[in-house]
Amino acid sequence: MNTLYLVACGAEQRPLRLPAAQLYTGALFSSAITHARSFAKREEDVYILSPKHGLLSQHHLVDPYELNLDQLDSSARLRLIDAMRRDLPRRPILPLRIIMLAPEEYVTLFRAACVGTRYAKIPIRTPLTHLTTEQQINWLQINHASIECDVDFPPTGNLYASENEQLATAVRTAALWWAKQLMSIAPPPDPTLFANALALELHRTWHQIAATTRGEWPEDITFTLTDQSPEGPITTAFSAIGLNQQEWHKREWPTRPLNATMNFSMGQITTQINDQKTTIFQL
């Protein structure tokens, strides 16, 4: 599907004139631009939102500046809306949707810029609004992980196509992220291999359960990993890489107590490792 990605710029910048995609250095911008580039079909499908310049192509040369949306008064915001409207990509075939990796303020301004243009009726998805900065980075990293994860079960599809497809992809990538966090606590010989094996097994288990509900997503599923984990996805993942789970427990966990859960409920995935709880996906 032809999609246009709009990424909010960042306050942290390199001190020299650079292409827009290289100027901003903050963790949130870096995660967002990486995510957009990973899913975009072409370089010209990714633009950067700037409070000073409006819409920037990735290769547009920009000098460092100190300005954020909070510093713009009403007249400056109107000028920014006009700049965005002038900079809307001129192309014979319009995108079928727009993904804005940006805060609510940018979304509001961009919607205003689209009024009266060919872009006015294009659906806009805004997955990062109402999330904290930490949650935004988590969301971008976990959903980017799907590109690195070597497992693929139906239903699949673009993260933004539908809620069911979004959740299906998130199940796989959340499992991978969770496994990698666990492996940082008590790593087997090959953490990445184990993480992929565990992601595969959790994803397979999820779909086995989902298959019994005639296509409807189960309301609530929780996977638990403790010192005395019963047979299941964890054991299978160990076997897949030639490790004995109990031997690993004896070697690693006596000095690293671990109680971890990953909960899937409609539209949300949360994890807890010991006392740390994180929401890593939300529709």
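Some points to look at:
- Other residues whose C-beta falls under 10 angstrom from the C-beta of residue 99 contribute a net charge of +1, scoring Lys and Arg +1 and Asp and Glu -1.
- When each of 122, 99, 93, 81 is scored by the number of other beta-carbon atoms lying within 10 Å, the sequence from fewest to most is 93, 122, 81, 99.
- Taking 0.36 nm per residue of separation and subtracting the current Cα-Cα distance, fully stretching the chain between residue 135 and residue 121 would add 2.1 nm.
- Among residues other than residue 79 with Cβ under 14 Å from its Cβ, the summed charge is +1 (Lys and Arg +1, Asp and Glu -1).
- Of the GluC sites (Glu not before Pro) in the range 1-88, the ones in a loop by DSSP (not H, G, I, E or B) with at most 15 other beta carbons within 10 Å are 12, 66.
- Label-point separation, residue 44 to residue 14 (7 Å along Cα→Cβ), nm: 2.5 nm
- Burial ordering of 52, 41, fewest other beta-carbon atoms within 10 Å first: 41, 52
- Using a Förster distance of 41 Å, the FRET efficiency for residue 71-residue 2 (Cβ separation, nearest 0.05): 0.75
Each reported figure results from applying straightforward, stated rules to the coordinates on display, with no laboratory input. None of the values given here were measured: they were computed from a predicted structure. As a convention, Cβ positions derive from the backbone with ideal geometry for all residues, glycine included, and neighbour counts pool all protein chains shown.
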